[in-house]
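Encoded as C-alpha cells, the structure appears first; notes follow it.
The values are calculated or read from the model by the stated rules, or taken from the named source; none is laboratory data. Here the structure is a predicted model, which means the values were calculated and not measured. Using ideal geometry, Cβ is built from the backbone for each residue, glycine included, and neighbour counts are taken over all protein chains shown.
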Amino acid sequence: MGVEPSPVRASDADREAVVARLTAAVGEGTLTLAEVEERQVTAYAARFRHELPPLTADLPAPPAPVARRERAPVRAFVPAAALLLVVLWIISPVPFFWPVFPLAFIAVRVSAASRHRRWRTGT
C-alpha cells in the first residue's frame, strides 16, 4: 500500500516558480509551445504542492548561474597613479606641473564612477 503525499496547499509563488521553469524550457528548446501551454494550465490549476513537481520532472536541471567577478575598486588605483605622476614630474625637465592634467582626468573619472555606483546600488 503506497503512502499518500501530505496535502500541503500550493502557494502562488510555488505555481509561478514552476511556470517560470516551464517558460525557460521553451527558450532552451526542450518543450514545445503546446506542451508548455498544457503544463502551465495544469500548474495554475494545482491545489497541492505534490501536483507541481511532475510538471518539470522530465526537464534537465536549469543551468547554474554564472558568478560575477567583482572588479577592484577604482579608488585603490588613484594614490599609486598620483605618486607615480609626481615622481615622473620631479625627474622630468619640464618646469610646470604637468601631472595636473592626468590627475584631473582621474579625479573626474573616479567621481563619475562613484556617483554611478551610488545611484545603481542606492547607497
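Quick notes
- Candidates 24, 76 - the one that is among the small types (Gly, Ala, Ser), touching a Pro at 6+ places or on another chain (Cβ under 7 Å) and in a helix (DSSP H, G or I): 24
- Filter result (in a helix (DSSP H, G or I), at pLDDT 85 or above and among the small types (Gly, Ala, Ser)) within the stretch 82-111: 82, 104
- Scanning the stretch 62-74 for residues that are closer than 20 Å to residue 113 by Cβ and exposed (fewer than 11 other Cβ atoms within 10 Å of the Cβ), we see that the one that is modelled with the highest pLDDT is 68.
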